[in-house]
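**Q** Mind having a look at this structure? Questions to follow.
The values are calculated or read from the model by the stated rules, or taken from the named source; none is laboratory data. Here the structure is a predicted model, which means the values were calculated and not measured. Cβ atoms come from the backbone with ideal geometry, glycine included; neighbour counts cover every protein chain shown.
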Amino acid sequence: MEKGRNTTVISNRKARHEYHIEDTFTAGLVLTGTEVKSLRAGNASLQEAYCYVEKGEAFIKNMNISEYDKGSYNNHEPARLRKLLMKKREIEKIRKGLEQKGYTLVPLKIYFNDRNLAKLDLGLAKGKKVHDKRDDLKAKDTKREIDRQMKDY
């Protein structure tokens, strides 16, 4: 791995389609050895995962990290509750954001940083309405069409 490069292992592609991301945060993950090995192999999913703050600590629930295929009886539980490692200031900022109506904390992607530590990007987000999703798709299509036209010239 190159120095200073983050390698994304798992991303939640639906998150940006379903939500307006207002603010992003980076958190460390408390993982076991077999979870890290399984993550490196890309055997994880953020589709059903959600985050919350409770008693000054942040957690992610329903993040599925498949069992490590070469693991023994010490293998981890795939969808267990995992603690997020963040600074108290950030957790307090998230907690205040979640108190506002309509806001949620969405996991965006998991990656390994330049020190080979597993990190999770979170987004403080507000749900999109159906017409917002249509507008985004329309803008995406027009941008694609413009790029296609510019390529011809």
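**Q** Is there a residue being among the β-branched types (Val, Ile, Thr), modelled with pLDDT under 80, within 13 Å of residue 120 (Cα to Cα) and surrounded by fewer than 16 Cβ atoms within 10 Å (Cβ to Cβ) anywhere in the range 4-21?
**A** Yes, the range 4-21 has at least one match.
**Q** Is one or more of the residues making up the range 68-80 at pLDDT below 80, closer than 18 Å to residue 118 by Cβ and either under 14 Å from the mean Cα position of the chain (by Cα) or among the β-branched types (Val, Ile, Thr) (or both)?
**A** The answer is no, given that none of the residues of the range 68-80 is at pLDDT below 80, closer than 18 Å to residue 118 by Cβ and either under 14 Å from the mean Cα position of the chain (by Cα) or among the β-branched types (Val, Ile, Thr) (or both).
Per-residue answers, yes or no, for (1) outside any loop (DSSP other than H, G, I, E, B); (2) under 22 Å from residue 15 (Cα atoms):
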site	(1), (2)
67	no, no
84	yes, yes
110	yes, yes
146	yes, no
149	yes, no
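**Q** Take the range 112-144 and flag every residue that is farther than 24 Å from residue 10 by Cα and without any contact (Cβ under 8 Å) to a residue 40 or more places away in the chain.
**A** 129, 130, 131, 134, 135, 138, 139, 141, 142, 143, 144
**Q** Turning to a different aspect of this structure: For residues in the range 27-51 being modelled with pLDDT of 85 or more and surrounded by fewer than 16 Cβ atoms within 10 Å (Cβ to Cβ), which is farthest from the chain's Cα centre (by Cα)?
**A** Restricting to residues being modelled with pLDDT of 85 or more and surrounded by fewer than 16 Cβ atoms within 10 Å (Cβ to Cβ), the top hit is 30.
**Q** Being in contact with a helix residue (DSSP H, G or I) (Cβ under 8 Å, 6 or more places away or on another chain) and of a type in the set (Gly, Ala, Ser) is the filter here, so list the residues in the range 97-153 that pass it.
**A** 118, 123, 125, 127
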